[in-house]
1. Taking region 11-23 on its own, how many of its residues are within 17 Å of Val55 (Cα to Cα) and of a type outside the set (A, V, I, L, M)?
2. Exactly one of these conditions fails for Met1: (1) at pLDDT 90 or above; (2) open to solvent by 60 Å² or more (accessible area, probe 1.4 Å); (3) more than 29 Å from Lys71 (Cβ to Cβ); (4) not small (Gly, Ala, Ser). Give me its number.
3. Can you pull out the helices (runs of 4 or more DSSP H) entirely within region 27-131 that have at least 1 residues that are open to solvent by 40 Å² or more (accessible area, probe 1.4 Å), hydrophobic (A, V, I, L, M, F, W, C) and touching a residue at least 12 places away in the same chain (Cβ under 8 Å)?
4. Between a residue in region 1-23 that is more than 30 Å from Arg96 (Cα to Cα) and any residue that is surrounded by 10 or more Cβ atoms within 10 Å (Cβ to Cβ) and of a type in the set (Phe, Trp, Tyr), which pairs come within a Cβ distance under 9 Å, given they are 6 or more apart or on different chains?
Amino acid sequence: MEGISDIKICGIDEMRPPRIRKEPYINLFFKLSHKAPLDWCEAFNRLVSKGKYPVKIETATGLFIETWVRKPEEIETELDGLKQAVSTCNQEYIARVQAEASAAADVGDKSEDAGEQGRLNRIIAELNFDD
């Protein structure tokens, strides 16, 4: 199964390749290695919202990063920035999930340590099954 840390930009959307048009910009649609979760997409959009050019990922599909540049020479620089943003978003997402899991485990442990269930848990933990 693919994990969050496996998300990376793996190419250009074959259905929407970059084209030179009369408008002074080139639309770019970068494809991710696999579908990103909704909250990852929302975090990514917040992270890249202050860039030189508008960047977004549709949260419903979670598979393509959309942006544009004015000149072909800017594409490589834009891609490098997006790759860094994806990596940063992966790290932040993983840290947030681990923190939530840790907090949930702490809450679960504390509730079971109190009262009769806590007493039962301590008795069971202290049982000696050696001969």
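The values are calculated or read from the model by the stated rules, or taken from the named source; none is laboratory data. This one's a predicted model, so the numbers in the text were calculated from it and none came from an experiment. Neighbour counts are summed over all protein chains in view; Cβ atoms, including those assigned to glycine, are modelled from backbone coordinates with ideal geometry. Quick note on the areas: whole protein, heavy atoms, side chains included, nothing else; ligands and nucleic acids left out. Shrake-Rupley method; radii C 1.70, N 1.55, O 1.52, S 1.80 Å.
1. The initial filter retains those residues of region 11-23 that are within 17 Å of Val55 (Cα to Cα), namely 11-13, 16-18.
Now restrict to residues that are of a type outside the set (A, V, I, L, M): 11, 13, 16-18.
Selection size over region 11-23: 5.
2. So Met1 meets the others, but not (1).
3. Working: elements: 38-47, 75-113, 115-125.
Counting at least 1 such residues, we get 38-47, 75-113.
4. Met15/Phe29; Arg16/Phe29; Arg16/Phe64; Pro17/Phe29; Pro18/Phe29
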